[in-house]
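Report on one structure; see the data block that follows.
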């Protein structure tokens, strides 16, 4: 029979091996919180060679790719992250979202991309870790970035917490109401740990956003820099200057509505545009551990068979097209799924390039294989299946004897 | 329909003597064109050609290559940075001292001087094989014209074997009425280049769309300039998996 000291918890949890190496996903090291990415140099005990590597060290919004172990950041939409194959966009990579038609789902995705950066930046206000760069649009557009989605349970919890924080007699009595015996047997602690296990290893990697809401405190210049596009070489210079000024942060560069005459009013020649995109890629590769690029372009203005778009696609690491359904198909879906409105999608999502995989020579084109739906709190992507009209009712009547 | 799993894996063979790159021939400098579509990047083929040049081996092949002669390599890209290629080269077992990367991605203005300097340096080890990826970007990033670019490439070709890797997407190959149009310039450049090349590799996806067991088609063909060594014109199907292994099959 063995005896335990009185202060010790009976049948406490067995210590887990923290920091055990895994082939793809590095686990939490002892001196950091769960969900913080640690660079290989840091894991090996070495010091980061460049300032930009510091941006990755201990960043709660970075996790290794499930395919290549390269550090990735979330695009703000978990479904887009999955489609990219790495569960995110590898840092130092770029994504081009193309859209046909008069809809503007791509701008929603741009907002999610930037909002995710702001959400990461605000996790620990004393240690800002992310900076957003918005090209071509101003602070007013940035004020529309969506806020983090709060479910009904979270809202209730918030209310309860608010009530508990108020000074009242009942609150003071409740504070000293802990069950000491339960504590002795570690029941409270065990309950907390079982909760922790269910949380993902990278709990802050991505958030769910409510696109009908806005960030309660609009992003300020310390977390989002708006860069005008009146002169593209100057714009490039300013983007690079901003990256240099944020040496220990991940910099998310968003270029929404690229080449849209509403935003790009100055006359710009095609070679100038190509030089700008090439310059953006140069910045990405110059600061590979710090910068990610998100650009959207409308294909009605510049279709895919336009050679300029062909060249731009060559320079991007990943290319995704949003192609909303034509009205006939949309009507058919509404008719078929009249009792299941959740199944009605908004369009096809085509994949043309994927980061790292396409570069290595893999053929990643997936046309008409996915469909998307822009919901209030999620940009949903599912495998596309053709809706089939149910005509059984008529057949049944014929078969009746 | 047969799938690649039913087919026997083949070796990459370019010349009649089962070699991949031509032996150093003082009288003939090869100009090779590697054409690709955006969905079938030729990175794996570039690495295979570089490996064959540096070590005389080829990671794609099961049987040893007949001609094991080696030559230094000068590699320059206007669309991809050095890190990307260094990562790809890491799979090669051997000393990469004979591999020189010229950074045209970050500074392309004095591209010709930079490459020529490296070619002169590497010439001490033998006639170098020079790879230039996406030289067509120079037509739009700088003020150079198609004819001037071709003249400079031809001048370079007098000192080395030249491998030009270029995109041949449909959107870039359509002539238009405007002479300043991207597609017109690109198509003119590639057509003129094809007339000056001795060997053409072409990579494209399957016409029928995406398949799980085939990545694309590789065609090896003669250029319009004759080659002293007979080229085996052939079509392959190839399969690349996520681990980076490449398998070739006869079409």
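The values are calculated or read from the model by the stated rules, or taken from the named source; none is laboratory data. Computed from a prediction, not measured in an experiment: that's the story for all the values here. Here the Cβ positions follow ideal geometry from the backbone for every residue, glycine too, while neighbour counts run over all protein chains shown.
At-a-glance table
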{"quantity": "The one condition in (1) within 14 Å of another protein chain (Cβ to nearest Cβ); (2) in contact (Cβ under 8 Å) with a residue 40 or more places away in the chain; (3) in contact with a helix residue (DSSP H, G or I) (Cβ under 7 Å, 6 or more places away or on another chain) that residue B:133 fails to fulfil", "calculated": "(3)"}
{"quantity": "Flag if residue A:310 is within 17 Å of residue A:259 (Cα to Cα) and either within 14 Å of chain B (Cβ to nearest Cβ) or in a helix (DSSP H, G or I) (or both)", "calculated": "yes"}
{"quantity": "Checklist (1) more than 14 Å from chain B (Cβ to nearest Cβ); (2) surrounded by fewer than 24 Cβ atoms within 10 Å (Cβ to Cβ); (3) closer than 30 Å to residue A:58 by Cα; (4) modelled with pLDDT of 95 or more applied to residue A:282, failing item", "calculated": "(1)"}
{"quantity": "Matching option when the condition is within 19 Å of the chain's Cα centre (by Cα) and either free of Cβ contacts under 8 Å to residues at least 12 places away in the same chain or under 17 Å from residue B:161 (Cβ atoms) (or both), among B:83, B:113", "calculated": "B:83"}
{"quantity": "Restricting the stretch B:163-189 to residues that are away from chain A (no Cβ under 12 Å) and touching a strand residue (DSSP E or B) at 6+ places or on another chain (Cβ under 6 Å), the residue that is surrounded by the most Cβ atoms within 10 Å (Cβ to Cβ)", "calculated": "B:163"}
{"quantity": "Residue within the stretch B:60-71 that is more than 19 Å from residue B:132 (Cβ to Cβ), touching a helix residue (DSSP H, G or I) at 6+ places or on another chain (Cβ under 6 Å), modelled with pLDDT of 90 or more and not in a strand (DSSP E or B) present", "calculated": "yes"}
{"quantity": "Selection within the stretch B:232-251 - in a loop (DSSP other than H, G, I, E, B), in contact (Cβ under 8 Å) with a residue 24 or more places away in the chain and either within 12 Å of chain A (Cβ to nearest Cβ) or under 18 Å from the mean Cα position of the chain (by Cα) (or both)", "calculated": "B:232, B:244"}
{"quantity": "Odd one out for residue B:214 among (1) in contact with a helix residue (DSSP H, G or I) (Cβ under 6 Å, 6 or more places away or on another chain); (2) assigned to a loop (DSSP other than H, G, I, E, B); (3) touching a residue at least 12 places away in the same chain (Cβ under 8 Å); (4) surrounded by fewer than 18 Cβ atoms within 10 Å (Cβ to Cβ)", "calculated": "(4)"}
{"quantity": "Filter pass, residue B:63 being away from chain A (no Cβ under 11 Å), farther than 28 Å from residue A:363 by Cβ and surrounded by fewer than 20 Cβ atoms within 10 Å (Cβ to Cβ)", "calculated": "no"}
{"quantity": "Verdict on residue A:374 being more than 11 Å from chain B (Cβ to nearest Cβ) and touching a residue at least 40 places away in the same chain (Cβ under 8 Å)", "calculated": "yes"}
